[in-house]
Amino acid sequence: MSNWIESGGHAPRQSSDAYLRTKAGQSSHSASRWKAAVRISCAVLSMALVSSFSHARDRGQYANSSPELKAWFDRLRSGKGPCCSDADGSAISDADWESKNGHYRVRIPNNTGEMEWIDVPDEAVITEPNRIGRTMVWPIRGYLGMTIRCFMPGSMT
């Protein structure tokens, strides 16, 4: 015959304690999984936002041009900031840009390589005289699409 008091009486059994600890551990574990998922999502979103900002780079393809012309390109600015240099911009043909009602738009390749018309923001237009005569555009490709940082209209000859 067993002694009811020695066996623990109405106290919870060891197996019940283990069961409760397992259940408590699962709820905290799933909460930590949510926290980890939120942290990873925030990190990925932060990287996407940071990577959308382009950094200018001089590839040096116009290093042999006159020093005055290179210095002029390096000082070019629009209302959106510095254009950086000729090496960051692209010359476009007269058929790939147009002006209508005082606003410009350009046709440049999108991320898939197809030509797409992009409206040039008014603050991206360079207002000083074009010293080289050809039309140039400095596009910025980001995760939200493409925009124009600088645009210098040509002579349309």
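Computed from the coordinates by the stated procedures, all read-outs in this text should not be read as laboratory data. Treat the numbers as computed from the prediction; the structure is a model and nothing was measured. No Cβ is skipped: glycine too gets one built from the backbone with ideal geometry, and neighbour counts run over all protein chains shown.
Measuring from label point to label point, each 7 Å out along Cα→Cβ, what is the SER66 to ASN101 span in nm?
About 4.0 nm separates the two model spin labels.
Listed highest first by mean packing, meaning other Cβ atoms within 10 Å per residue, what order do 111-117, 66-72 come in?
Values: 111-117: 9.1, 66-72: 11.7.
In decreasing order of mean packing, 111-117, 66-72 become 66-72, 111-117.
What are the trypsin sites (Lys or Arg not before Pro) within region 99-131 that DSSP puts in a loop, where the Cβ has at most 13 other Cβ atoms within 10 Å? If you can, show how the numbers build up before the last one.
Details: sites: LYS100, ARG105, ARG107, ARG131; in loops: ARG131.
Sites meeting the loop and neighbour criteria: ARG131.
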